[in-house]
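Since every read-out is calculated from the coordinates, none of them should be taken as a lab result. Computed from a prediction, not measured in an experiment: that's the story for all the values here. All Cβ positions, glycine included, derive from the backbone under ideal geometry; neighbour counts span all protein chains shown.
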Amino acid sequence: MAPVTEPDTTKRDRNSTVDDHQARLTGLPRRGHMTVMVRGRPVRIAVSENEHTGGELVLLLHGLGCARECWDPVYTGDNHRRWLAIDLPGHGASARVDTGGDALAFYADLVTALVEQLDPGAVHLVAHSMGAAVALLAAPGLPVGALVSLEGNLVGEDCSLISRSIAGQTREAFVQIGFAQLRDGLCASGDPDERIWGAWFERADPGGLWEAARSLVSWCESGGLTSRWMELRHRTYLWGERSGFPMHLRLWLAEARVHEIPIVGHFAMNGNPIALAHAIRIAIDSAGTGTI
């Protein structure tokens, strides 16, 4: 089912950094919304996708406080696969929903329901940061070809100071004070990546972000993500050169495909999208049509 194209009603970013960034991109040309049945109720999410001829699905999952537009730089015109980027609930142009207390588990159920609704022969999960944890939670119930993690969350050490800072506040404190402080700090940062993140961050629902951060820290510290990672047949881990190889993950990456993206940090899609796109394509192509 293709998304129904609708006018983009998202408020214009107050920081022009994202607009400047998007002006350099071709991106995923079809933007709209889809409705997915999750736990017996309809959930409406914002999506972007390519003009495609069918075949396998490449599902793109963003990180905490980000949006589907983060993936626009890596789309290089592969029309033989369906490339679909989504805004998780409470992020971007997708409204917040009641996640039942465990946001990542709800996101994973949404991903599972979405893939079942689209019914592809295989799905390749490409995920950044928090999105990788969501992908790992959803993977056991899906016909996964490749899972590509771009500095994805796997263990407790992967949770940044920001996610832990959010999770460490009460909901009321973060919604009323912490959200604005964090947003303003990102938007005023001297790091272009953080300014872009700040503009996406502003579009997220504060309560939804708090729930997502708490769920993320909890799952990473539980140890439940590593076993799911190791069960995947075709798993690839990518990291930015400025971030450095994650030595704390060396045991879990020993048998995975690993690749460094030159000259960039955590947001490799901003600083070196060509190299990132190439690495993603290699990972997907290497999986073929085989699934876990």
The computed P(r) of region 4-287 puts the percent of Cα pairs beyond 23 Å at 49 percent
Toy charge model, Lys and Arg Cβ at +1, Asp and Glu Cβ at -1: region 4-287 dipole around Cα centroid in debye, rounded to 20, equals 180 debye
Length gained, ALA180-GLU255, 0.36 nm per residue minus C-alpha separation, equals 22.8 nm
Counting as exposed only GluC sites (Glu not before Pro) in DSSP loop states with no more than 12 other Cβ atoms inside 10 Å, the longest exposed-site-free span of the chain is 52-254
Amide H contacts under 5 Å for LEU64, restricted to residues at least 5 apart in sequence or on another chain and with H modeled in the peptide plane, are MET130, GLY131
Here, GLU116 and THR35, labelled 7 Å along Cα→Cβ, have an inter-label distance in nm of 1.8 nm
FRET efficiency for ASP98 and ILE282 from the Cβ-Cβ distance with R0 = 51 Å, rounded to 0.05, comes out at 0.80
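Just add up the charged neighbours of HIS52: K/R +1, D/E -1, any other residue whose Cβ is under 11 Å from the Cβ of HIS52. Could you put the intermediate results ahead of the total?
On the way: positive: ARG30, ARG81, ARG82; negative: GLU49, GLU51, GLU56, ASP78.
Neighbour charge sum, excluding HIS52 itself: -1.
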Projecting the Cα atoms of CYS66, VAL97, ASN272 onto the charge dipole of the chain, where Lys and Arg contribute +1 and Asp and Glu -1 at Cβ, the residue farthest towards the positive end is VAL97
Here the equivalent ellipsoid of region 145-286, derived from its Cα gyration tensor, has semi-axes (largest first, whole Å) of 28, 20, 12
Karplus ³J(HN,Hα) for region 125-133 (6.51 cos²θ - 1.76 cosθ + 1.60, θ = phi - 60°; Hz, whole; x = Gly/Pro) runs 9, 10, 9, 10, 6, 4, x, 5, 5
The relative contact order of the chain, taking Cα pairs under 8 Å that sit 6 or more residues apart, comes to a percentage of 19 percent
To the nearest 0.05, the calculated FRET efficiency linking SER218 and THR53 through their beta-carbon distance, R0 being 45 Å, is 0.65
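Note down the relative contact order for region 107-233 as a percent, whole number, built from C-alpha pairs under 8 angstrom at least six residues apart.
For region 107-233, the relative contact order is 28 percent.
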Reduced to Cα centres, the span from region 43-83 to region 225-245 in Å works out to 20 Å
